[in-house]
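Down below is the structure, laid out as structure tokens.
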Amino acid sequence: MGDTLRRSRHAKIVATAGPASAEPEKIRALYLSGVDIFRLNFSHGTHEDHAKSYVWIRELLQDLQGPKLRI
């Protein structure tokens, strides 16, 4: 994972990750289809399920470290 796509649009596409998308391949497919933001649906599943989804999403959408200011 870790592929980043350059998106040039003003709106963001939000997807809710739940039981139907609780696999790395499905989350990746959603991202490649244009999803910018994932939210977790805590109404369904267990804490362990949500933790797994969180890890998969973070691996896919890793933030790059910003600039450091040194004095």
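A few comments on the model shown:
- Scanning the range 32-58 for residues that are within 8 Å of the chain's Cα centre (by Cα) and assigned to a helix (DSSP H, G or I) returns Y54, W56, I57, R58.
- Condition check for A29: modelled with pLDDT of 90 or more, assigned to a helix (DSSP H, G or I) and surrounded by 10 or more Cβ atoms within 10 Å (Cβ to Cβ): yes
- In the range 13-39, the residues that are on the phi > 0 side of the Ramachandran plot form Cβ pairs under 8 Å with partners that are modelled with pLDDT of 90 or more, at six or more places apart or across chains, as follows: G34/I13.
- Within the range 8-26, the set of residues being surrounded by 11 or more Cβ atoms within 10 Å (Cβ to Cβ) and not in a helix (DSSP H, G or I) comprises I13, A15, T16, A17, G18, A22, E23.
The values are calculated or read from the model by the stated rules, or taken from the named source; none is laboratory data. These numbers were taken from a predicted model, which means no experiment stands behind them. Don't worry about glycine lacking a Cβ; one is built from the backbone with ideal geometry, like all the others, and counts go over all protein chains shown.
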